[in-house]
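The values are calculated or read from the model by the stated rules, or taken from the named source; none is laboratory data. Predicted model only: the values in this text are computed from it and were never measured. Note that each Cβ is placed from the backbone with ideal geometry, even for glycine, and that neighbours are counted across all protein chains shown. SASA here: full protein model, heavy atoms, side chains in, ligands and nucleic acids out. Shrake-Rupley method; radii C 1.70, N 1.55, O 1.52, S 1.80 Å.
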Amino acid sequence: MNASFEGDEATGRYVNPRRLPLLKSSPATIRSIADGTQTAMLVSHLAIPWHRRVEPGLRIEVWSTQRTKSVKWWHWTVVEVTAACVHKRGRDIRTCPAAHRPGAIEVNRTGWKQILDHAVLAGERKPLPPGRWTDKVEGGWTFAEVLLLNAGRDRMEPPHQYRNGVERELAEANRRYELLDLTARETGQKRTRDHEELRFRAKSAAYQRKLGHVLEAGGDAGTLAVSEDEIDAELPRIERRARK
């Protein structure tokens, strides 16, 4: 992968100059696309808001991040869709007359289940909750053959020092939702906040309120936590705001 810096030289903050739809993936996928061993992607319609645009000619930036001691890197590949085949259910991919090969997505793989799981998670490492795979698999899929156009890495801001685990969790989730907002704006899509995101907003609001009290009192925020009851108490206000 060729390294190139495309950001603010003074701050080291990553800047996306390509203004392309963003698709989060894993570092392994980035490497596989960049070295030519992966020639196709399976896109979950539930994982991205712009799935209807996954058609021949569309250019996508597939990205992942990697943190080191001193800096965080944005790894990316730019690909162009050369062919796209849409399926309503995961099982339809197996019987498609186009004879899609799982090995085009993950080398030496012959089954589809894990590939479908990876597509639904869209680069997240957390496992799917029990039963979720069956529900998600009905959501629609596009098997897209892609051509590599470019690949590299860009430096992002140095790692932030978080006060506690909740603050880190909220910051990472917030970055994920900011990327969804950015992609929706770039593609002209209207994005609806689901229940999971509203609970995140409620948790963030409850945390900020508690943090303010702790800091004002000169306390230690290192063990600060937010309970489910506190999230539930905050949620109605967040839901009312989302409906406006």
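Sorting the segments 212-222, 175-185 by their residues' average number of neighbouring beta-carbon atoms within 10 angstrom, most packed first, yields 175-185, 212-222.
Remark: the stretch 162-243 carries a charge dipole of roughly 420 debye about the Cα centre, counting +1 on each Lys and Arg Cβ and -1 on each Asp and Glu Cβ. Can you send over the carbon and sulfur percentage of the accessible area for the stretch 159-202, probe radius 1.4 Å, protein chains only? Exposed carbon and sulfur together represent 46 percent of the surface.
With the convex hull drawn around the C-alpha atoms of the stretch 162-243, the volume per residue stands at 99 Å³. Amide H contacts of Ala83 (H built 1.01 Å from N, in plane; Pro and chain starts excluded): Glu145 sit under 5 Å, all sequence-distant by 5 or more or on other chains.
Please find the FRET efficiency linking Asp92 to Ala221, where r is the Cβ-Cβ separation and R0 is fixed at 35 Å, and quote it to the nearest 0.05. It comes out at approximately 0.10. Counting pairs of Cα atoms in the stretch 44-99, how many percent are more than 14 Å apart? Within the stretch 44-99, distances greater than 14 Å cover 68 percent of Cα pairs. What the stretch 199-244 shows is 65 Å² of accessible area per residue, with the surface traced by a 1.4 Å probe over protein heavy atoms.
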